[in-house]
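Please read the structure below before turning to the comments.
The values are calculated or read from the model by the stated rules, or taken from the named source; none is laboratory data. None of these values were measured; they are calculated from a predicted model. Using ideal geometry, Cβ is built from the backbone for each residue, glycine included, and neighbour counts are taken over all protein chains shown. Only protein heavy atoms, including side chains, enter the accessible area calculation; ligands, DNA and RNA are left aside. Shrake-Rupley method; radii C 1.70, N 1.55, O 1.52, S 1.80 Å.
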Amino acid sequence: MFQSIIKDMPHILHGGDYNPDQWLDMPEVLKEDVRLMKLAGINVVSIGIFAWKALEPEEGVYTLEWLDELFDRLEANGIGAFLATPSGARPAWMDKNHPEVLRMNSDRVRNLHGERHNHCYTAPYYREKTAQMNKMLAERYGKRKALKLWHISNEYGGECHCPLCQNAFREWLKNRYHNDIHELNSRWWTRFWSHEFSDFDEIESPCPHGEMEIHGLNIDWMRFVTYQTTEFMKNEIKPLKEITPDIPVTTNLMGTYPGFDQWYLSKYIDVVSWDSYPDWHNDYESFADTAAKTAFIHDLNRSLKHKPFLLMESTPSQVNWQRVCKLKRPGVHELASIQAVAHGSDSVQYFQWRKGRGASEKFHGAVVDHYGKEDTRVFREVAKLGENLKKLDSIVGTFPQTEVAVIYDWENRWAVDNLQGLNDRRNYEQTCKKHHRAFWNMGISTDVNDMTQEMTGYKLVVAPMLYMLRPETAERIKEYIYNGGNVVFTYCTGNVDETDKCFTGGFPGNGLMEAAGIWAEEIDPLYDTDINQIQIKEEYAKYFKNTSYKCRDFCEIIHAKEGTEVIACYGDDFYKGMPAVTKHQYGKGCCYYIATRTEDDFLEEFYHSLVKTIGILTPPVKEMKKGLSITRRCSEDKEYLFFMNYSEGVQEVELEDSVMDCSPISLINKEMMTQTLHFGKYEYDIIEIQKKS
Ligand code: GLA
Ligand code: ZN
């Protein structure tokens, strides 16, 4: 069960994007790279990501000797390879000879050659060409010892609005709506503004100078973009699986990138990987805030397959594209890398190994600077981390046991983004992160799922702003609660169906009202400066530190049905005294409803009391400390507790007495732990404890 996701590599992987194709005329650099990689503890590199021109300089002419030699060099030095398919960028000859591969923007203007990540994902030529290129790579390198993983393309994303894609979209719609234009019209509510279609050939992709107001069209377009991107990727993977069925495939994802549904695409890869670039040390939030937001995305990536994932890219220091590309302060690189591992990554990989000399990424952080040697701060920090990662073999393949899931759903996000009206502070993603944060603060490992995932098995499911309810979702949620599950909903729940059409008969719709025990009649959006409060009812006062809490942005006016308990009421405005937070027993389970956007303290205390009531596992420490994050990975007989200090000062935490009987030992310095642990700023430790049988 707890096996490495990469065969024959039972280590935490440490490496990054390596572009020797930019240095082919400097063989001494290529040799030096290997020496430096060994010093930095690098055991795997991602190669060939943007190497199409180096592989096929002219149509049908291949130069693969440099890649043969690279494989030789890596193998001679025991370094593994993630071989990329080069579809992320095209050589100029291809765009000249086959302009239909150039992407067309929503304004219907075709790109010129240049940049990257800008192909048409429908064009038959590019599909054939990538399949042929990938087949050749698999035939030539499939049996090489160094080959560990296929890195499919790079950061798929964007959309193409060319005529080929328009046709493909119409075909996709015909399939979805059973070739029945009336069904589509009804699902999209197109009688609005006389926008009803008579034929599928009248439909165009959404664009600013055309149609953007049919929300069903917008949502279906995003579904199509997801589908077509995935089809393009599947076409890339097919020859690889035929020739190298045992080599797993991944593609590097981009956090919560909204452009396609990562849940859908991930079904077709073996291993999830993502590129993480948090803006540490920014001027608008605390260091711990940045850490908590990053934790959410790590949790999401682990949840995509409920297996360990790979941190495919991160920067050893700064990036080249943030507003201020701040240096990572000493120690932060190691802490941020361990954070990925703490949440389930089996790798720490970089963009990039060596800084190129020209073009836009020449000042992007890298392990090897233009200076070229190992005596730099960044290199030393990477090498130190490399040494520590070598001590973590035993955690490879392990992952946390989770009892809580937060729902973050791509389609719901698109629907919330479509919504016109209310106010401009909908912030779906931030809202999900805030709820997740309450559990991060408590050291509770949390999955981040979409609404289609299995719920049984969790003790608590938190579904912030679940505005769209897909057909089967309401049923499943009800069943889950009825059988003993606990769910938390908020304002804006169950307003629209999967084509963004409002439910009739009251919100939350689709039958969910029965489980929620409330009816949401109206929603009052607030100005930024408006504040209301919620007042805790006396019988619940013992669970909270204060008697009232501020709320902003949205106050939904709800009615508690018979049998629903009111935890808090509004303190102000014409709905003063009406319920704001409720609890409804449904079957063996409970459904909570938070009708307004409360301040963080309320969420923290609310979830704290829920965790106690429900009996959710918390870390074995006497008291949690603010900014000291604790996560857990488990094997059959051991638990690994990660302690990471994201606060501004020293933190002291005391292990529970019971832990002291389980031989707690630090994986980093191999010492037995004392009961009280100290963590300086940016410090961390990983503690192995024996599970009690
Ligand atoms: C992305 C890309 C890389 C590089 C980095 C820079 O993650 O995949 O090729 O451009 O960004 O941060
Ligand atoms: Zn296209």
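Show me the trypsin sites (Lys or Arg not before Pro) within the range 131-237 that DSSP assigns to loop and that have at most 13 other Cβ atoms within 10 Å of their Cβ. Intermediate values should be presented prior to the final figure.
Details: sites: K135, R140, K143, R144, K145, K148, R170, K174, R176, R187, R191, R223, K234; in loops: K143, R144, K145, R191.
Listed in order of number, the matching sites are K143, K145, R191.
Separation of the alpha carbons by more than 32 angstrom is noted, of K293/K459; K145/K692; K545/K691; K31/K390, for K145/K692; K545/K691. Counting only Cα atoms, the size of the range 627-693 along its three principal axes is 38, 20, 20 Å, in decreasing order. In terms of its alpha-carbon gyration tensor, the range 201-269 comes out prolate; a/c meets the 1.5 threshold, and the first ratio a/b outweighs b/c.
Does the range 564-607 classify as rounded, prolate or oblate by the C-alpha gyration tensor (a ≥ b ≥ c root eigenvalues; a/c under 1.5 gives rounded; else a/b over b/c gives prolate, otherwise oblate)? Here the range 564-607 falls in the oblate category.
Rg and Dmax over the alpha-carbon atoms of the range 464-617 stand at 14.9, 43 Å.
If the viscosity is 0.890 mPa s and the temperature 25 °C, what Stokes-Einstein diffusion coefficient in µm²/s follows for the range 50-121 when Rh is the Kirkwood radius over Cα pairs? Rounded, D is 175 µm²/s. Counting only the Cα atoms, the range 102-249 fills a convex hull of 125 Å³ per residue. Size estimate for the range 542-693 follows the Kirkwood approach: the inverse of mean 1/r over distinct Cα pairs works out to 18.5 Å.
Regarding the range 216-315, what is the average projected area of its C-alpha convex hull, in nm²? Provide the component values of the computation, followed by the final result.
Numbers: hull surface 32.2 nm².
The orientation-averaged projected area of the Cα hull of the range 216-315 comes to 8.1 nm².
Diagonalising the gyration tensor over the Cα atoms of the range 281-329 and scaling each eigenvalue by 5 before taking the square root yields semi-axes of 24, 14, 8 Å, largest first.
Counting DSSP beta bridges with both partners in the chain, what percentage is antiparallel, nearest 5?
Numbers: 55 of 97 bridges.
Within the chain, antiparallel bridges account for around 55 percent of the total.
Estimated from helices alone, the mean residue ellipticity of the chain at 222 nm is -9500 deg cm²/dmol (sum of -39500 (n - 2.57) over DSSP H runs with n ≥ 4, per residue).
Over all distinct Cα-Cα pairs of the range 432-547, the Kirkwood formula returns a hydrodynamic radius of 16.0 Å. One quarter of the convex hull surface built on the alpha carbon atoms of the range 460-504 amounts to 3.1 nm², the projected area averaged over directions. Taking trypsin sites (Lys or Arg not before Pro) across the range 628-675, the ones in a DSSP loop with at most 10 further Cβ atoms lying within 10 angstrom of their Cβ are K670. Rounded to two decimals, what ratio of Rg to Rh does the chain give with C-alpha atoms and a Kirkwood Rh? Rg/Rh for the chain comes to 0.98.
Per Stokes-Einstein, at 37 °C and 0.692 mPa s, what whole-number D in µm² s⁻¹ belongs to the range 301-345, with the Kirkwood radius over Cα pairs as the hydrodynamic radius? Stokes-Einstein gives a translational diffusion coefficient of 278 µm²/s.
Show me 482-489, 389-396 ranked by packing, highest mean number of other Cβ atoms within 10 Å first.
On the way: 482-489: 20.1, 389-396: 17.8.
Output ranking for 482-489, 389-396: 482-489, 389-396.
Straight-line cross-link reach from K537 at under 20 Å between alpha-carbon atoms covers these aspartates and glutamates, not counting any fewer than eight positions away in the same chain: E556, E562, E565, D572, D573, E599, D600, D601, E604, E605. A DSSP coil position with no more than 13 other Cβ atoms inside 10 Å describes the following trypsin sites (Lys or Arg not before Pro) in the range 288-335: R323. For the range 585-679, lysine pairs with C-alpha atoms less than 24 angstrom apart, excluding pairs fewer than eight positions apart on the same chain, total 7.
Heavy atoms of the protein chains alone define the surface here; on that basis the chain has 40 Å² accessible area per residue at 1.4 Å probe size.
Sort the following peptides by mean Cβ neighbour count (other Cβ atoms within 10 Å, averaged over residues), highest first: 272-278, 618-624, 255-261, 682-688. Mind showing how you got there, number by number?
On the way: 272-278: 22.9, 618-624: 15.9, 255-261: 18.4, 682-688: 20.4.
Peptide ranking by packing, descending: 272-278, 682-688, 255-261, 618-624.
Here, P(r) means the percent of Cα pairs in each 5 Å bin from 0 to the largest distance; for the range 78-178 it is 2, 12, 18, 20, 16, 12, 10, 6, 3, 1, 0. How much net charge surrounds E202 when only other residues with a Cβ under 11 Å from its Cβ are counted (Lys, Arg +1; Asp, Glu -1)? Charge balance in the 11 Å sphere: -4. For the range 1-108, the equivalent ellipsoid derived from the alpha-carbon gyration tensor has semi-axes of 31, 19, 12 Å in decreasing order.
Per residue Cα convex hull volume for the range 256-400, in cubic angstrom? Display every interim value, and only then the final one.
Working: hull volume 18.4 nm³, N = 145.
With only Cα atoms used, the range 256-400 gives 127 Å³ per residue.
Placing D68, D530, D417 in order of accessible area, with the largest value first and a 1.4 Å probe, yields D417, D530, D68.
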